[in-house]
Amino acid sequence: MAGAERQNDDGVWTPREVSLRSRDPIEASAAVASVYHQHRFTILGDQRVFAMSLDAATLGPVTLGWLSYDTEIRIDAEPHAGAYQINLVTAGQTPAYCGSHQIVATSKTGMVFRPDRPTGFAGWRAPGEMLAIKIDRQALEDELEQLLHRTVAGPIGFALALDLSRRAAADWNQLVCTVAKRMFDPESLFRQPIMTAPLVHAIMSGLLLSADHDFRDQLDAAARSIGPTTVRRAHEYIEEHAHEPITVTQVASWAGVSVRALQQAFQRSLGATPHQIIQRTRLERAHHDLVSASADEATVTGIGAKWGFPHAGRFAALYRARYNTNPSTTLRSTTTVGRSLWA
């Protein structure tokens, strides 16, 4: 177990990572409790083959962890005021409860645990990993307020079952699984500081927009009309802050509208989502720097990272799609033209 989470003055998080393999039930239970919640731990299977594996990374209010056991176990927890918990199993069937509600979770049905109810599950009769996601209660409820653009009284009344066969939930499942798999790669785009805040907000807002809870009808209600002036001002805000790790939630808050309303207005007026506009703006700034720079003084990697594209391959692909050429070609061509003018 190693690492300490760091947050700079701009609200950018760097990962706090935990990796542990243990054959000691006491050590294993303590490790899981330190990352997630205090709980009662019971071995239901063969104690002689017991082993636990945990690889988790925390980004601000969100913890993503791959958890597995080599024999069947049961975990029970009392209400814990601090966080919501979402468990996604990859194989087998996992009985789970939250308060008086019970389900059998599978790869198509996730578990969403409220912080104000007793919770528990039993699993690992068959081998397989579970993606265990912890989200700080206050952060998720703040995210809901941003989406609705009004105050709400928590806790959020999530349904225990998360139907991953629905399109929105399937997309969210793919997002969190991809982030959780890539977080331990030092070269991953998802570890870059400019990406962490947008990822955290995407995970939280995606859950709120895909899971069933007592605010879903309000989130799904038609967004109030936003005029072209608000869209223009929000677009200008994006252009002025493109060098910062801004999120769609921040843009919506600044504009004084809900995230959903902003997304619909951008699609209507600009034919693109706010996220796409942020990405397009950053590509334009990177293109300007490539045109203006000299290959003797700048690199494609450096310019890409400056504008939120630290993965060179991903940056090149996006750049080619927009400008029909490679960023390295633009940089070399600019340098060649400059030299020919002074030859």
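In segment 261-273, the residue that is most open to solvent (accessible area, probe 1.4 Å) out of those that are touching a helix residue (DSSP H, G or I) at 6+ places or on another chain (Cβ under 7 Å) and not in a helix (DSSP H, G or I) is Thr273. For segment 107-128, the set of residues classified as aliphatic (A, V, I, L, M), assigned to a strand (DSSP E or B) and farther than 18 Å from Ala83 by Cβ consists of Ala122 only. Scan segment 41-49 and give yes if some residue there is in contact (Cβ under 8 Å) with a residue 40 or more places away in the chain and either part of a helix (DSSP H, G or I) or open to solvent by less than 50 Å² (accessible area, probe 1.4 Å) (or both), otherwise no. The answer is yes; a qualifying residue exists. Before we move on, is His287 more than 25 Å from the chain's Cα centre (by Cα) and either under 22 Å from Gly206 (Cβ atoms) or surrounded by 17 or more Cβ atoms within 10 Å (Cβ to Cβ) (or both)? For His287, the condition - more than 25 Å from the chain's Cα centre (by Cα) and either under 22 Å from Gly206 (Cβ atoms) or surrounded by 17 or more Cβ atoms within 10 Å (Cβ to Cβ) (or both) - is met. A single member of Ala170, Ala126, Ala122, Ala153 is surrounded by fewer than 20 Cβ atoms within 10 Å (Cβ to Cβ) and under 15 Å from the mean Cα position of the chain (by Cα), and it is Ala170. Of all residues assigned to segment 94-106, none qualifies as being part of a loop (DSSP other than H, G, I, E, B), in contact with a Gly (Cβ under 8 Å, 6 or more places away or on another chain) and not acidic (Asp, Glu). Report yes if Ser294 is part of a helix (DSSP H, G or I) and touching a helix residue (DSSP H, G or I) at 6+ places or on another chain (Cβ under 8 Å), otherwise no. Criteria not met by Ser294.
Within the span defined as segment 62-71, one or more residues are polar (S, T, N, Q), closer than 19 Å to Ala169 by Cα and not in a loop (DSSP other than H, G, I, E, B).
Within segment 302-320, can you find the residues that are closer than 15 Å to Glu187 by Cβ and not in a helix (DSSP H, G or I)? Listed by number, the residues that qualify are Phe309, Pro310, His311.
Residue-level check: of (1) exposed (fewer than 15 other Cβ atoms within 10 Å of the Cβ); (2) part of a strand (DSSP E or B); (3) aliphatic (A, V, I, L, M), Leu20 misses just (1).
Criterion applied to Tyr84, Tyr97 was being more than 30 Å from Gln192 (Cβ to Cβ), at pLDDT 95 or above and among the aromatic types (Phe, Trp, Tyr), and the one residue passing it is Tyr97. For segment 230-246, state whether one or more residues are farther than 24 Å from Leu283 by Cβ and open to solvent by 40 Å² or more (accessible area, probe 1.4 Å). No: segment 230-246 contains no residue that is farther than 24 Å from Leu283 by Cβ and open to solvent by 40 Å² or more (accessible area, probe 1.4 Å). The condition of being under 20 Å from the mean Cα position of the chain (by Cα) and open to solvent by less than 20 Å² (accessible area, probe 1.4 Å) holds for Val62. Among the residues of segment 250-260 satisfying the criterion of being surrounded by 15 or more Cβ atoms within 10 Å (Cβ to Cβ) and touching a residue at least 60 places away in the same chain (Cβ under 8 Å), which is farthest from Ile203 (Cα to Cα)? Checked segment 250-260; the qualifying residue farthest from Ile203 (Cα to Cα) is Val257.
Restricting to segment 129-150, and then to whatever is assigned to a loop (DSSP other than H, G, I, E, B) and either over 19 Å from Asp76 (Cα atoms) or small (Gly, Ala, Ser) (or both), can you tell me which residue is least open to solvent (accessible area, probe 1.4 Å)?
Looking at residues that are assigned to a loop (DSSP other than H, G, I, E, B) and either over 19 Å from Asp76 (Cα atoms) or small (Gly, Ala, Ser) (or both), I get His149.
Among the residues making up segment 198-249, none is free of Cβ contacts under 8 Å to residues at least 24 places away in the same chain, over 16 Å from Gln263 (Cβ atoms) and among the aliphatic types (A, V, I, L, M).
Out of all the residues in segment 25-38, is one or more part of a strand (DSSP E or B), open to solvent by less than 30 Å² (accessible area, probe 1.4 Å) and either polar (S, T, N, Q) or at pLDDT 95 or above (or both)?
Checking segment 25-38: not a single residue is part of a strand (DSSP E or B), open to solvent by less than 30 Å² (accessible area, probe 1.4 Å) and either polar (S, T, N, Q) or at pLDDT 95 or above (or both).
When the test is whether a residue is of a type in the set (Asp, Glu) and surrounded by fewer than 17 Cβ atoms within 10 Å (Cβ to Cβ), Asp70 passes it.
The values are calculated or read from the model by the stated rules, or taken from the named source; none is laboratory data. Since this is a predicted model, take the numbers as computed values, not measurements. Neighbour counts run over all protein chains shown; Cβ positions are idealised from the backbone, glycine included. Each accessible area value is taken on the protein alone, full model and side chains, heavy atoms only, with ligands, DNA and RNA left out. Shrake-Rupley method; radii C 1.70, N 1.55, O 1.52, S 1.80 Å.
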